[in-house]
């Protein structure tokens, strides 16, 4: 996980049940322009804050989902931007969106951190 992750956001724990575990794997390869990269990030952030999305999350059996967002540009270039984070409220969504939009752009094509594992880093169970 990245050191810039604030301690005030809801990180998933083993005893939490979530309705959906959503891993957002985003292409940041050289085939994407800087403008397209910004559109992607801001689009995902806007989606997390959308009322219909928040209403759908609230209507789930557990009323929360877990989301992780990572960018990749090949087998040796991945970067975890938002670690597994539980979203159960607008405040949770705002914190995740803030992490997403505040993180520096990924250096495309340059090696970054090892590929994030969507199985090893999550320690909770989901309904679906």
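Out of all the residues in segment 27-45, which are surrounded by 13 or more Cβ atoms within 10 Å (Cβ to Cβ) and modelled with pLDDT of 90 or more? Passing the criteria: 40, 41, 42, 44, 45.
Scanning segment 58-96 for residues that are part of a helix (DSSP H, G or I) and surrounded by fewer than 22 Cβ atoms within 10 Å (Cβ to Cβ) yields 58, 90, 91, 92, 94, 95.
Checking 54, 48 one by one, the residue that is more than 12 Å from residue 20 (Cα to Cα) and under 13 Å from the mean Cα position of the chain (by Cα) is 48 and no other. Annotation for segment 45-57: at least one member residue is touching a helix residue (DSSP H, G or I) at 6+ places or on another chain (Cβ under 7 Å) and over 18 Å from residue 102 (Cα atoms).
Output the residue which, of all residues in segment 5-26 that are in contact with a helix residue (DSSP H, G or I) (Cβ under 8 Å, 6 or more places away or on another chain) and under 13 Å from residue 81 (Cα atoms), is modelled with the highest pLDDT. Residue satisfying both the conditions and the ranking: 24.
The values are calculated or read from the model by the stated rules, or taken from the named source; none is laboratory data. Here the structure is a predicted model, which is why all the values come from computation and not from measurement. Don't worry about glycine lacking a Cβ; one is built from the backbone with ideal geometry, like all the others, and counts go over all protein chains shown.
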